[in-house]
1. Nearest 10 degrees, 0 to 90: what angle lies between the long axis of helix 50-77 and the longest principal axis of the chain (Cα atoms)?
2. How tilted is helix 19-28 with respect to the longest principal axis of the chain? Cα atoms for both, answer in degrees (0 to 90, nearest 10).
3. Could I have the simple spin-label model distance between residue 49 and residue 20, label points 7 Å from Cα toward Cβ, reported in nm to one decimal?
4. With a ≥ b ≥ c taken as the square roots of the eigenvalues of the C-alpha gyration tensor of the chain, please select rounded if a/c is under 1.5 and otherwise prolate if a/b is larger than b/c or oblate if it is not?
5. For labels at residue 72 and residue 3 in the simple 7 Å Cα→Cβ model, what's the distance in nm?
6. Quick check: with the 1.4 Å probe, what order do 18, 45 take by accessible area, largest first?
Amino acid sequence: MNKLLTALALVLTLAACSDENMEKWKEMNKDRIEGAPKENPNLPSVKGDVEAVKKTLRDINDAVHDKVDNMLEKQQEK
């Protein structure tokens, strides 16, 4: 369902961007001044084990689901 909605939004956006609309957009933005990016280029890069992080997140997700399932089962038993 989400893929269908995303595809529909993309199609509608592309349909709305006709050549005439693009020319109007270019005309409106011809005098636009581009500013410098606000990101700090001097930030340190971080290196890590992405797969280990993914595994940890999966483990946390599984643990949370187990706890919630147990709570729901206990609630249904009452």
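The values are calculated or read from the model by the stated rules, or taken from the named source; none is laboratory data. The shown structure was predicted, so the numbers you read here are calculated from the model rather than taken from an experiment. Cβ sites come from the backbone with ideal geometry, for glycine too, and all protein chains shown count toward neighbours. The area values use the complete protein model at the heavy-atom level, side chains included, leaving out ligands, DNA and RNA. Shrake-Rupley method; radii C 1.70, N 1.55, O 1.52, S 1.80 Å.
1. Helix 50-77 sits roughly 50 degrees off the main axis of the chain.
2. Roughly 80 degrees, rounded to the nearest 10.
3. About 6.0 nm, to one decimal.
4. Oblate.
5. 2.5 nm
6. Result of the area sort, largest leading: 45, 18.
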